[in-house]
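Read the structure below first, then the notes.
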Amino acid sequence: MGACGAACPPPVRLAPYGVSRAPPEPRPATKRSQAGQGTSRKACSPELYRDVAGGYGRSALAESSGATLSLRLVAPFVRAIAARRIDPGSLLTGVGISADQFGDPDNRISHETAMVLLARTVEVTGDDALGIHAAEHIRPGDFDALEHVARASRTLRSALDAVSRYVRLLHDATTFVHSVSGERESWTLHVEPAAHRASVEFAVATLVVAGRLITGRDDAPEEVLFSHSAPPDVSEYARVLRCKITWGAPRTALVFDRALLDRTFSQANPALSATLEQHAERLLAELPKGRTYATRVREHLVAALQAGDPTLGNVVSRLKTSDRTLRRRLQEEGVTFSDLLSDVRRELALRYLEDPRLSVDEIAFLLGFANGSAFRRAFRRWTGVAPSEHRGLSPQNASRAVK
């Protein structure tokens, strides 16, 4: 499949997203697609998911996680590919989604299905920056309750906090963790299970673009960090994000100056905000409870590690439960808290070791070990080799070592 010529029929209309039958001229392709490179990847292959952010580097096709995604998040992608004169409906073949499902924007699909569809879309369009371009196609009302709460918020900080609280309404595999360091505050993105890089980039760019739509100002973060590597052409990222971009960072995050976060929204409405938050809470309570309790604990363990306190007490506090309840529910699923902490540390360690800027002692600190020696012992127990040896292995040997 590829882009149509002038004689192509108009793209199908996937209601209610307003895909025009006379789409705007397509954006010029990135240097990668102009050069005809990168077209040998096999659509939907597990290899497409190994360059991930926030998901510990596992293949998104490995298993069904129970996580789901609202079709509201698909709308901007539909518009973006229609703008390239590609029939959005043609991408649904063999994925397990019918065009009829798009009649209700509140329908949900599995996380894994969404990632397969996204991989196919990137392959067909040849657009490495598809996530960034899709964010430019968001429209008022796309994100329903979450968006309404954000718009009624008092400041950008409170709007971002609202996104953190209610992002599950759109994608229950996603969490944002807020942290403060001096005059800078950041929101770190975690996705579990792993997400295609275009999905991660869309989430980050959407916060930037939506912030401009809400405030009417041409604001930008101080910095954006991506934990995955840079594409061959980064010009579109610079054009849309308009800030410093760091690639191959230990985390994916947006970093803001405190002064920008403190600016009051002109349309702030505290009374309306309280009412909208009550509605959002009801919608959260109505979401399917398909995700396992262990998955939720893992997500909070990642956040706790980021905060430097990966203890049972911290996670219990984040989940608003008790020690006894947490242990009981994990036991029902056949795992323990220490098992999950060890798994999370192991998977993050493997990801951090791919970053040559991080020393072994720095990784030990990031993972909450008392010292580098304790981390080295744990890593050898997990993989059979020392961290420094793992860094020296070929990708094939490293894969065999961690199995």
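Summary table
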{"read-out": "One residue from 203, 145, 150, 195 being under 9 Å from the mean Cα position of the chain (by Cα) and either over 16 Å from residue 227 (Cβ atoms) or in a loop (DSSP other than H, G, I, E, B) (or both)", "value": "195"}
{"read-out": "Matching option when the condition is hydroxyl-bearing (Ser, Thr, Tyr) and over 12 Å from residue 160 (Cα atoms), among 188, 215", "value": "215"}
{"read-out": "Residue pairs meeting the criteria (Cβ under 6 Å; at least 6 apart or on separate chains; first assigned to a loop (DSSP other than H, G, I, E, B), in the stretch 250-271; second surrounded by 12 or more Cβ atoms within 10 Å (Cβ to Cβ) and small (Gly, Ala, Ser))", "value": "251/227; 269/152"}
{"read-out": "Some residue of the stretch 169-184 being more than 8 Å from the chain's Cα centre (by Cα) and assigned to a helix (DSSP H, G or I)", "value": "yes"}
{"read-out": "Enumeration of residues in the stretch 253-267 that are modelled with pLDDT of 90 or more and not basic (Lys, Arg)", "value": "253, 254, 255, 256, 257, 259, 260, 261, 262, 264, 265"}
{"read-out": "Residues of the stretch 353-382 satisfying the condition of being surrounded by 17 or more Cβ atoms within 10 Å (Cβ to Cβ), assigned to a helix (DSSP H, G or I) and modelled with pLDDT of 90 or more", "value": "360, 363, 364, 375, 376, 378, 379, 382"}
{"read-out": "Number of positions in the stretch 295-323 that are over 20 Å from residue 180 (Cβ atoms) and at pLDDT below 85", "value": "6"}
{"read-out": "Residue identified as over 18 Å from residue 313 (Cα atoms), touching a Gly at 6+ places or on another chain (Cβ under 9 Å) and touching a residue at least 12 places away in the same chain (Cβ under 8 Å) among 351, 346", "value": "351"}
{"read-out": "Candidate set from the stretch 103-112 (those that are under 21 Å from the mean Cα position of the chain (by Cα) and in contact (Cβ under 8 Å) with a residue 40 or more places away in the chain); member that is surrounded by the most Cβ atoms within 10 Å (Cβ to Cβ)", "value": "111"}
{"read-out": "Boolean, residue 167 is out of contact with any His (no Cβ under 6 Å at 6 or more places or on another chain), without any contact (Cβ under 8 Å) to a residue 60 or more places away in the chain and more than 30 Å from residue 286 (Cα to Cα)", "value": "no"}
{"read-out": "Residue that is nearest to residue 261 (Cα to Cα), among those in the stretch 217-244 that are of a type in the set (Ser, Thr, Tyr) and not in a loop (DSSP other than H, G, I, E, B)", "value": "237"}
{"read-out": "Pairs with Cβ under 9 Å, 6+ apart, first in the stretch 232-245 and on the phi > 0 side of the Ramachandran plot, second surrounded by 13 or more Cβ atoms within 10 Å (Cβ to Cβ) and small (Gly, Ala, Ser)", "value": "242/220"}
{"read-out": "Filtered residue count, the stretch 358-378, keeping only those that are without any contact (Cβ under 8 Å) to a residue 60 or more places away in the chain and either within 25 Å of the chain's Cα centre (by Cα) or under 24 Å from residue 314 (Cα atoms) (or both)", "value": "12"}
{"read-out": "Filter result for residue 253 (buried (at least 16 other Cβ atoms within 10 Å of the Cβ) and within 26 Å of residue 208 (Cβ to Cβ))", "value": "yes"}
{"read-out": "Check on residue 100, within 25 Å of residue 286 (Cβ to Cβ) and either outside any loop (DSSP other than H, G, I, E, B) or among the β-branched types (Val, Ile, Thr) (or both)", "value": "yes"}
{"read-out": "All positions within the stretch 108-142 that are assigned to a strand (DSSP E or B) and either of a type in the set (Val, Ile, Thr) or at pLDDT 95 or above (or both)", "value": "109"}
{"read-out": "Residue match in the stretch 160-170 (condition: touching a Gly at 6+ places or on another chain (Cβ under 9 Å) and surrounded by fewer than 23 Cβ atoms within 10 Å (Cβ to Cβ))", "value": "yes"}
{"read-out": "Pairs with Cβ under 7 Å, 6+ apart, first in the stretch 118-129 and closer than 10 Å to residue 197 by Cα, second hydrophobic (A, V, I, L, M, F, W, C) and not in a helix (DSSP H, G or I)", "value": "119/43; 119/44"}
{"read-out": "Flag if residue 164 is of a type outside the set (Lys, Arg), closer than 17 Å to residue 70 by Cβ, modelled with pLDDT under 95 and assigned to a helix (DSSP H, G or I)", "value": "yes"}
{"read-out": "Pairs, first polar (S, T, N, Q) in the stretch 74-102, second part of a helix (DSSP H, G or I), C-beta under 7 Å, six or more apart", "value": "98/92; 101/71"}
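Residue by residue, here is whether (1) of a type in the set (Asp, Glu); (2) in contact (Cβ under 8 Å) with a residue 40 or more places away in the chain; (3) assigned to a loop (DSSP other than H, G, I, E, B) holds:
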| position | (1), (2), (3) |
| --- | --- |
| 280 | no, yes, no |
| 284 | no, yes, no |
| 295 | no, yes, no |
| 299 | yes, yes, no |
| 303 | no, yes, no |
| 310 | no, yes, yes |
| 321 | no, no, yes |
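The values are calculated or read from the model by the stated rules, or taken from the named source; none is laboratory data. Small disclaimer: the values here were computed from a predicted structure and weren't measured. No Cβ is skipped: glycine too gets one built from the backbone with ideal geometry, and neighbour counts run over all protein chains shown.
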